[in-house]
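Here's the structure, in structure tokens; my notes come after.
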Amino acid sequence: PTGAPQSPPPATVERHGSYGRVPKYLAERKAARQEEEELAREEAERLASCPPGTRLVTEEERATVLATIATREAELRKELNSMPFVTKTVSHANRKKLLEDRLEEIEQARAQYSKPRVYVALDS
């Protein structure tokens with residue numbers, strides 16, 4: 001042996017029941033931070049997938065527009081069906097043509113908003 005004094009053997013340390021576990025508040029902070037990062041990543045992907053000068057229409061907006069389109073179409077069809085079958089005057093013919101044109105526009109809008117992803121121009 002060497003002349004250096006020997007240290008006594010280490011005493012056993014009493015440890016509490018949650019020794020070695022991550023505290024609850026730290027786990028919550030970590031989960032919140034990961035959720036924020038995930039949301040930021042999804043938003044970045046959503047913005048990257050949009051063509052310049054457009055934005056993606058949310059599902060709620062899309063459903064609202066489709067409901068509005070259906071309501072307006074029903075109104076126009078009711079008005080068109082209440083017109084006489086044979087148009088004798090120019091004003092009746094013009095009105096019938098106008099209603100048919102509006103119904104065509106509604107069909108185009110329905111086709112566009114029925115797609116799973118709808119992009120609209122950004123509001124300036």
Quiz item: Does region 91-98 include one or more residues that are among the hydroxyl-bearing types (Ser, Thr, Tyr), part of a helix (DSSP H, G or I) and either over 30 Å from residue 118 (Cβ atoms) or open to solvent by less than 60 Å² (accessible area, probe 1.4 Å) (or both)?
Solution: yes
Quiz item: Got at least one residue in region 21-28 being modelled with pLDDT of 80 or more, more than 21 Å from residue 123 (Cβ to Cβ), outside any helix (DSSP H, G or I) and not charged (D, E, K, R)?
Solution: yes
Exercise. Can you give me the number of residues within region 72-88 that are at pLDDT 90 or above and either assigned to a loop (DSSP other than H, G, I, E, B) or not charged (D, E, K, R) (or both)?
Key: 5
Quiz item: Can you name the number of the only condition in (1) out of contact with any Asp or Glu (no Cβ under 9 Å at 6 or more places or on another chain); (2) open to solvent by 60 Å² or more (accessible area, probe 1.4 Å); (3) over 19 Å from residue 99 (Cα atoms) that residue 32 fails?
Solution: (2)
Quiz item: What pairs can you find where one residue is in region 43-67 and within 13 Å of residue 119 (Cα to Cα), the other is exposed (fewer than 13 other Cβ atoms within 10 Å of the Cβ), and their Cβ atoms are less than 7 Å apart, with a gap of 6+ or different chains?
Solution: 53/121; 53/122; 54/121; 54/122; 55/122; 56/46; 56/117
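The values are calculated or read from the model by the stated rules, or taken from the named source; none is laboratory data. These numbers were taken from a predicted model, which means no experiment stands behind them. As a convention, Cβ positions derive from the backbone with ideal geometry for all residues, glycine included, and neighbour counts pool all protein chains shown. Quick note on the areas: whole protein, heavy atoms, side chains included, nothing else; ligands and nucleic acids left out. Shrake-Rupley method; radii C 1.70, N 1.55, O 1.52, S 1.80 Å.
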